[in-house]
Amino acid sequence: MSRTETMGLTKRGMLQSSSCNRLMDRSESLKRDSVMSNGGAAKVKGSLERKKSKSFKEGESYASWLITEAPGSIAAVRREQVAAQQALRKLKIAHYGRSKSTLTNFNSSKVVPLIHPHPQRCSFLTPTSDPVHVAYHDEEWGVPVHDDKTLFELLTLSGAQVGSDWSSTLRKRHDFRKAFMEFEAEAVAKLSEKEMNAISIEHKIEMSKVRGVVENATKIVEIKKDFGSLEKYLWGFVNHKPISTNYKLGHKIPVKTSKSESISKDMVRRGFRFVGPTVVHSFMQAAGLTNDHLLTCYRHLPCTLLTTKP
(Lines give C-alpha, C1' and ligand atoms only; values in the text may rest on other atoms or scores of the structure.)
Protein backbone atom coordinates (compact mmCIF):
# COMPACT_ATOMS: atom_id res chain seq x y z
CA MET A 1 0.00 0.00 0.00
CA SER A 2 1.37 3.29 -0.97
CA ARG A 3 2.04 6.01 1.43
CA THR A 4 -0.61 8.17 -0.14
CA GLU A 5 -3.29 5.50 0.33
CA THR A 6 -2.20 4.90 3.90
CA MET A 7 -2.51 8.58 4.76
CA GLY A 8 -5.91 8.66 3.07
CA LEU A 9 -7.21 5.74 5.16
CA THR A 10 -5.77 7.30 8.28
CA LYS A 11 -7.52 10.56 7.55
CA ARG A 12 -10.82 8.77 6.88
CA GLY A 13 -10.41 6.76 10.10
CA MET A 14 -9.73 9.88 12.07
CA LEU A 15 -12.73 11.54 10.56
CA GLN A 16 -14.93 8.54 11.37
CA SER A 17 -13.54 8.39 14.88
CA SER A 18 -14.19 12.08 15.38
CA SER A 19 -17.75 11.69 14.09
CA CYS A 20 -18.33 8.72 16.36
CA ASN A 21 -17.03 10.67 19.33
CA ARG A 22 -19.30 13.56 18.57
CA LEU A 23 -22.28 11.25 18.21
CA MET A 24 -21.46 9.54 21.50
CA ASP A 25 -21.07 12.87 23.27
CA ARG A 26 -24.45 13.98 21.90
CA SER A 27 -26.12 10.77 22.99
CA GLU A 28 -24.71 11.02 26.51
CA SER A 29 -25.87 14.63 26.73
CA LEU A 30 -29.38 13.64 25.73
CA LYS A 31 -29.37 10.85 28.31
CA ARG A 32 -28.31 13.25 31.07
CA ASP A 33 -31.00 15.69 30.04
CA SER A 34 -33.56 12.89 30.09
CA VAL A 35 -32.48 11.69 33.51
CA MET A 36 -32.54 15.21 34.94
CA SER A 37 -35.95 15.85 33.38
CA ASN A 38 -37.39 12.64 34.75
CA GLY A 39 -35.92 13.34 38.17
CA GLY A 40 -37.40 16.86 38.27
CA ALA A 41 -40.78 15.55 37.26
CA ALA A 42 -40.58 12.92 39.97
CA LYS A 43 -39.72 15.57 42.54
CA VAL A 44 -42.64 17.79 41.46
CA LYS A 45 -44.99 14.82 41.50
CA GLY A 46 -43.81 13.86 44.98
CA SER A 47 -44.34 17.43 46.18
CA LEU A 48 -47.84 17.53 44.79
CA GLU A 49 -48.70 14.22 46.41
CA ARG A 50 -47.48 15.47 49.77
CA LYS A 51 -49.60 18.63 49.45
CA LYS A 52 -52.70 16.74 48.39
CA SER A 53 -55.34 16.55 51.13
CA LYS A 54 -55.57 13.27 52.92
CA SER A 55 -59.33 13.29 52.34
CA PHE A 56 -58.73 12.93 48.57
CA LYS A 57 -58.16 9.35 47.50
CA GLU A 58 -56.06 8.28 44.57
CA GLY A 59 -58.04 7.69 41.42
CA GLU A 60 -61.17 9.57 42.58
CA SER A 61 -62.51 12.82 41.12
CA TYR A 62 -64.46 15.46 43.05
CA ALA A 63 -67.05 17.88 41.70
CA SER A 64 -66.47 21.58 42.39
CA TRP A 65 -69.86 21.95 44.05
CA LEU A 66 -68.67 19.75 46.92
CA ILE A 67 -66.20 22.45 47.88
CA THR A 68 -68.71 25.35 47.87
CA GLU A 69 -72.06 23.67 48.54
CA ALA A 70 -71.30 20.79 50.87
CA PRO A 71 -72.55 21.17 54.49
CA GLY A 72 -69.74 22.33 56.72
CA SER A 73 -67.80 24.02 53.96
CA ILE A 74 -66.57 27.57 54.51
CA ALA A 75 -68.95 28.92 51.87
CA ALA A 76 -71.93 27.09 53.42
CA VAL A 77 -71.14 28.39 56.91
CA ARG A 78 -70.80 31.93 55.58
CA ARG A 79 -74.16 31.70 53.80
CA GLU A 80 -75.81 30.59 57.04
CA GLN A 81 -74.26 33.51 58.92
CA VAL A 82 -75.46 36.03 56.34
CA ALA A 83 -78.98 34.54 56.34
CA ALA A 84 -79.11 34.71 60.14
CA GLN A 85 -77.97 38.35 60.16
CA GLN A 86 -80.59 39.32 57.59
CA ALA A 87 -83.36 37.55 59.51
CA LEU A 88 -82.28 39.20 62.77
CA ARG A 89 -82.37 42.62 61.11
CA LYS A 90 -85.94 41.97 59.93
CA LEU A 91 -86.87 40.89 63.45
CA LYS A 92 -85.54 44.11 64.98
CA ILE A 93 -87.30 46.24 62.36
CA ALA A 94 -90.59 44.48 63.01
CA HIS A 95 -90.20 44.79 66.77
CA TYR A 96 -89.83 48.56 66.65
CA GLY A 97 -92.85 49.00 64.41
CA ARG A 98 -91.05 50.14 61.25
CA SER A 99 -92.21 47.15 59.24
CA LYS A 100 -95.33 44.99 58.99
CA SER A 101 -93.30 41.85 58.41
CA THR A 102 -94.11 38.81 60.52
CA LEU A 103 -92.31 38.83 63.84
CA THR A 104 -89.81 36.02 64.17
CA ASN A 105 -87.60 34.70 66.87
CA PHE A 106 -84.45 32.63 66.70
CA ASN A 107 -84.44 29.16 68.16
CA SER A 108 -81.19 27.43 67.40
CA SER A 109 -80.55 27.65 63.64
CA LYS A 110 -84.15 27.90 62.46
CA VAL A 111 -86.63 30.76 62.43
CA VAL A 112 -89.97 30.21 64.13
CA PRO A 113 -93.02 32.49 64.54
CA LEU A 114 -93.10 34.54 67.74
CA ILE A 115 -96.47 35.10 69.39
CA HIS A 116 -96.28 38.85 69.86
CA PRO A 117 -99.68 40.59 69.57
CA HIS A 118 -98.34 44.03 70.49
CA PRO A 119 -94.99 44.70 68.79
CA GLN A 120 -94.77 48.34 69.86
CA ARG A 121 -93.57 48.29 73.44
CA CYS A 122 -91.22 50.55 75.38
CA SER A 123 -87.72 50.45 73.93
CA PHE A 124 -86.11 49.00 77.05
CA LEU A 125 -87.76 45.71 76.08
CA THR A 126 -86.14 43.68 73.32
CA PRO A 127 -86.91 40.36 71.59
CA THR A 128 -84.58 38.71 74.09
CA SER A 129 -86.13 40.28 77.21
CA ASP A 130 -87.20 37.99 80.03
CA PRO A 131 -90.87 36.92 79.52
CA VAL A 132 -91.51 37.73 83.18
CA HIS A 133 -90.38 41.32 82.60
CA VAL A 134 -92.46 41.57 79.41
CA ALA A 135 -95.59 40.35 81.22
CA TYR A 136 -94.95 42.80 84.05
CA HIS A 137 -94.63 45.65 81.54
CA ASP A 138 -97.85 44.64 79.76
CA GLU A 139 -100.00 44.04 82.80
CA GLU A 140 -98.69 46.07 85.74
CA TRP A 141 -96.13 48.76 84.93
CA GLY A 142 -97.81 52.16 84.96
CA VAL A 143 -101.16 50.85 86.21
CA PRO A 144 -102.39 52.89 89.23
CA VAL A 145 -102.30 50.88 92.48
CA HIS A 146 -104.47 51.83 95.46
CA ASP A 147 -104.18 48.73 97.64
CA ASP A 148 -101.94 49.15 100.69
CA LYS A 149 -100.51 45.62 100.54
CA THR A 150 -99.60 45.95 96.88
CA LEU A 151 -98.08 49.38 97.46
CA PHE A 152 -95.93 47.93 100.28
CA GLU A 153 -94.91 45.06 98.01
CA LEU A 154 -93.91 47.33 95.11
CA LEU A 155 -92.00 49.61 97.46
CA THR A 156 -90.11 46.57 98.75
CA LEU A 157 -89.36 45.23 95.27
CA SER A 158 -88.18 48.66 94.11
CA GLY A 159 -85.67 48.74 96.94
CA ALA A 160 -84.66 45.10 96.44
CA GLN A 161 -83.76 45.59 92.78
CA VAL A 162 -81.00 48.08 93.64
CA GLY A 163 -77.77 46.43 92.52
CA SER A 164 -79.75 43.86 90.56
CA ASP A 165 -82.40 44.14 87.84
CA TRP A 166 -86.16 43.97 87.58
CA SER A 167 -86.22 40.56 85.88
CA SER A 168 -84.28 38.89 88.69
CA THR A 169 -86.32 40.70 91.34
CA LEU A 170 -89.64 39.76 89.75
CA ARG A 171 -88.57 36.11 89.68
CA LYS A 172 -88.15 36.27 93.46
CA ARG A 173 -91.49 37.98 93.95
CA HIS A 174 -93.15 34.83 95.30
CA ASP A 175 -90.35 34.39 97.84
CA PHE A 176 -90.80 37.97 99.06
CA ARG A 177 -94.55 37.47 99.48
CA LYS A 178 -94.03 34.26 101.41
CA ALA A 179 -91.28 35.74 103.55
CA PHE A 180 -93.21 38.88 104.50
CA MET A 181 -96.71 37.51 105.14
CA GLU A 182 -98.16 38.68 101.83
CA PHE A 183 -97.00 42.19 102.85
CA GLU A 184 -99.39 42.58 105.75
CA ALA A 185 -97.64 45.55 107.36
CA GLU A 186 -98.93 44.91 110.89
CA ALA A 187 -97.66 41.30 110.85
CA VAL A 188 -94.29 42.16 109.30
CA ALA A 189 -93.70 44.92 111.86
CA LYS A 190 -93.85 42.31 114.65
CA LEU A 191 -91.08 40.06 113.28
CA SER A 192 -88.35 39.31 115.81
CA GLU A 193 -84.59 39.26 115.17
CA LYS A 194 -84.62 35.46 115.15
CA GLU A 195 -87.45 35.37 112.62
CA MET A 196 -85.70 37.90 110.40
CA ASN A 197 -82.55 35.80 110.44
CA ALA A 198 -84.56 32.71 109.48
CA ILE A 199 -86.15 34.61 106.57
CA SER A 200 -82.76 35.75 105.36
CA ILE A 201 -81.41 32.19 105.34
CA GLU A 202 -84.47 30.45 103.93
CA HIS A 203 -85.23 32.90 101.13
CA LYS A 204 -81.66 34.06 100.48
CA ILE A 205 -82.43 37.73 101.11
CA GLU A 206 -79.72 39.97 102.54
CA MET A 207 -80.22 40.57 106.26
CA SER A 208 -79.95 44.33 105.80
CA LYS A 209 -82.82 44.26 103.32
CA VAL A 210 -84.92 42.07 105.62
CA ARG A 211 -84.42 44.56 108.44
CA GLY A 212 -85.25 47.39 106.06
CA VAL A 213 -88.58 45.78 105.11
CA VAL A 214 -89.48 45.25 108.77
CA GLU A 215 -88.62 48.85 109.65
CA ASN A 216 -90.63 50.11 106.69
CA ALA A 217 -93.59 48.02 107.86
CA THR A 218 -93.34 49.74 111.24
CA LYS A 219 -93.41 53.16 109.53
CA ILE A 220 -96.37 52.13 107.37
CA VAL A 221 -98.32 51.25 110.51
CA GLU A 222 -97.59 54.77 111.77
CA ILE A 223 -98.59 56.27 108.38
CA LYS A 224 -101.93 54.48 108.57
CA LYS A 225 -102.57 56.04 111.95
CA ASP A 226 -101.75 59.53 110.65
CA PHE A 227 -103.30 59.41 107.16
CA GLY A 228 -105.76 56.52 107.34
CA SER A 229 -103.87 54.44 104.75
CA LEU A 230 -100.58 54.19 102.90
CA GLU A 231 -102.51 54.87 99.70
CA LYS A 232 -103.74 58.27 100.91
CA TYR A 233 -100.24 59.24 102.02
CA LEU A 234 -98.48 58.34 98.77
CA TRP A 235 -101.13 59.48 96.31
CA GLY A 236 -101.42 62.77 98.14
CA PHE A 237 -98.03 63.76 96.67
CA VAL A 238 -99.54 63.71 93.14
CA ASN A 239 -102.93 65.14 94.15
CA HIS A 240 -104.46 61.66 93.72
CA LYS A 241 -103.98 61.79 89.96
CA PRO A 242 -101.30 59.90 88.00
CA ILE A 243 -98.61 61.90 86.26
CA SER A 244 -98.70 61.14 82.53
CA THR A 245 -95.50 61.86 80.64
CA ASN A 246 -94.97 62.05 76.88
CA TYR A 247 -91.52 60.63 76.22
CA LYS A 248 -90.77 59.49 72.68
CA LEU A 249 -87.36 57.95 73.34
CA GLY A 250 -86.32 55.56 76.06
CA HIS A 251 -83.16 57.44 77.02
CA LYS A 252 -85.30 60.49 77.76
CA ILE A 253 -86.99 58.78 80.70
CA PRO A 254 -85.24 60.08 83.85
CA VAL A 255 -84.08 57.89 86.71
CA LYS A 256 -85.42 60.42 89.20
CA THR A 257 -87.53 63.59 89.18
CA SER A 258 -88.20 66.53 91.43
CA LYS A 259 -91.37 64.75 92.58
CA SER A 260 -89.52 61.55 93.50
CA GLU A 261 -86.94 63.65 95.35
CA SER A 262 -89.63 65.38 97.43
CA ILE A 263 -91.36 62.07 98.26
CA SER A 264 -88.00 60.49 99.13
CA LYS A 265 -87.10 63.37 101.40
CA ASP A 266 -90.35 63.08 103.34
CA MET A 267 -90.12 59.29 103.66
CA VAL A 268 -86.52 59.46 104.89
CA ARG A 269 -87.60 62.04 107.45
CA ARG A 270 -90.25 59.60 108.69
CA GLY A 271 -87.69 56.79 109.05
CA PHE A 272 -88.21 54.71 105.90
CA ARG A 273 -85.24 52.78 104.49
CA PHE A 274 -84.18 52.12 100.90
CA VAL A 275 -86.22 55.04 99.62
CA GLY A 276 -83.73 57.19 97.71
CA PRO A 277 -85.00 59.40 94.83
CA THR A 278 -84.15 56.75 92.22
CA VAL A 279 -85.87 53.96 94.14
CA VAL A 280 -88.92 56.14 94.74
CA HIS A 281 -89.15 57.03 91.05
CA SER A 282 -88.97 53.35 90.16
CA PHE A 283 -91.73 52.72 92.71
CA MET A 284 -93.85 55.52 91.23
CA GLN A 285 -93.56 53.89 87.79
CA ALA A 286 -94.44 50.47 89.20
CA ALA A 287 -97.41 51.73 91.22
CA GLY A 288 -98.75 53.95 88.45
CA LEU A 289 -98.19 57.24 90.22
CA THR A 290 -96.45 58.19 87.00
CA ASN A 291 -97.02 56.78 83.52
CA ASP A 292 -93.64 56.60 81.81
CA HIS A 293 -94.67 54.37 78.92
CA LEU A 294 -93.33 55.82 75.69
CA LEU A 295 -95.79 57.48 73.33
CA THR A 296 -95.08 54.72 70.83
CA CYS A 297 -95.89 51.99 73.37
CA TYR A 298 -99.33 50.43 73.08
CA ARG A 299 -99.72 50.68 76.88
CA HIS A 300 -99.29 54.46 77.06
CA LEU A 301 -102.89 55.44 76.27
CA PRO A 302 -104.63 52.78 78.41
CA CYS A 303 -102.55 53.76 81.45
CA THR A 304 -103.19 57.44 80.77
CA LEU A 305 -106.93 56.81 80.86
CA LEU A 306 -106.72 55.11 84.26
CA THR A 307 -106.99 58.35 86.22
CA THR A 308 -109.55 57.26 88.79
CA LYS A 309 -109.68 54.52 91.36
CA PRO A 310 -110.87 51.12 90.07
From the set of residues in region 241-258 that are buried (at least 16 other Cβ atoms within 10 Å of the Cβ) and out of contact with any strand residue (DSSP E or B) (no Cβ under 7 Å at 6 or more places or on another chain), which is nearest to Y298 (Cα to Cα)? Y247
Take the conditions at pLDDT 80 or above, closer than 29 Å to K248 by Cβ and in a loop (DSSP other than H, G, I, E, B) and apply them to T126. Does it pass? yes
Go through region 151-164 and count every residue that is touching a residue at least 40 places away in the same chain (Cβ under 8 Å), closer than 17 Å to D175 by Cβ and part of a helix (DSSP H, G or I). 8
Being surrounded by fewer than 17 Cβ atoms within 10 Å (Cβ to Cβ) and either outside the structural domain of V162 (by TED's automatic domain parsing) or not aliphatic (A, V, I, L, M) (or both): is that true of E184 here? yes
Here are some residues: L191, L234. Which one is surrounded by 18 or more Cβ atoms within 10 Å (Cβ to Cβ), outside any helix (DSSP H, G or I) and on the phi < 0 side of the Ramachandran plot? L191
Given the criterion of a type in the set (S, T, N, Q) and modelled with pLDDT of 95 or more, identify the matching residue among S208, S244, S264. S264
Please state which of the following conditions I223 fails to meet, knowing it meets all the rest: (1) over 27 Å from V132 (Cβ atoms); (2) loosely packed, with under 13 Cβ neighbours inside 10 Å. (2)
Take I205 and tell me if it is surrounded by 13 or more Cβ atoms within 10 Å (Cβ to Cβ) and in a loop (DSSP other than H, G, I, E, B). yes
Within the bounds of region 264-279, is there any residue that is basic (K, R) and farther than 26 Å from A185 by Cα? no
Region 266-284 residues that are over 12 Å from E215 (Cα atoms) and not assigned by TED's automatic domain parsing to the domain that holds V213, paired with ones that are of a type in the set (S, T, Y) and in a loop (DSSP other than H, G, I, E, B) (beta carbon under 9 Å, 6 or more apart): none
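The values are calculated or read from the model by the stated rules, or taken from the named source; none is laboratory data. Computed from a prediction, not measured in an experiment: that's the story for all the values here. Every residue, glycine among them, receives a Cβ derived from its backbone with ideal geometry; neighbour counts consider all protein chains shown.
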